[in-house]
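Let me begin by presenting the structure, written as structure tokens, before commenting on it.
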Amino acid sequence: SALSVGLNTGALASDYRDLLRLEAARPARHESGLEITYADRVTRRLTLQPSAQWVRNAGGDAGARDAVVLILRASVDF
């Protein structure tokens, strides 16, 4: 079993921000997020890993609502 918590941020290039302005978006200087994930081997061959992510300035748009992303990864060992 493994529990992980991660923070991330990515700076957006000025050319990308210019493209966002052309689409009438309000560009942000960065996109950032928080992820919490837990992995556990449920059988001898199967590992499940649910993950929850929160993303601020999704897509580089400062006017966008914060995004919540839920993921379930499955790994099978052969």
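The values are calculated or read from the model by the stated rules, or taken from the named source; none is laboratory data. If you're wondering where the values come from, they're calculated on a predicted model, not measured in any experiment. Positions of Cβ are generated from backbone atoms using ideal geometry, with glycine treated the same way; all protein chains shown enter the neighbour counts. All accessible areas refer to the heavy atoms of the entire protein, side chains included, with ligands and DNA or RNA removed. Shrake-Rupley method; radii C 1.70, N 1.55, O 1.52, S 1.80 Å.
Of note:
- A DSSP coil position with no more than 13 other Cβ atoms inside 10 Å describes the following trypsin sites (Lys or Arg not before Pro) in the range 1-58: ARG29, ARG44, ARG45.
- With R₀ fixed at 30 Å, the C-beta to C-beta distance from LEU19 to PHE78 puts the FRET efficiency at about 0.10.
- With 10 Å bins beginning at zero, the pair-distance distribution over Cα atoms of the chain amounts to 18, 35, 23, 16, 8, 0 %.
- Surface composition of the chain: carbon and sulfur atoms hold 56% of the protein heavy-atom accessible area at a 1.4 Å probe.
- Computed helical MRE - 222 nm, the chain, DSSP H runs ≥ 4 contributing -39500 (n - 2.57), nearest 500: -3500 deg cm²/dmol
- Local net charge near SER32, Cβ-Cβ under 15 Å (Lys/Arg +1, Asp/Glu -1): -1
- Accessible area in square angstrom per residue, the chain, 1.4 angstrom probe: 74
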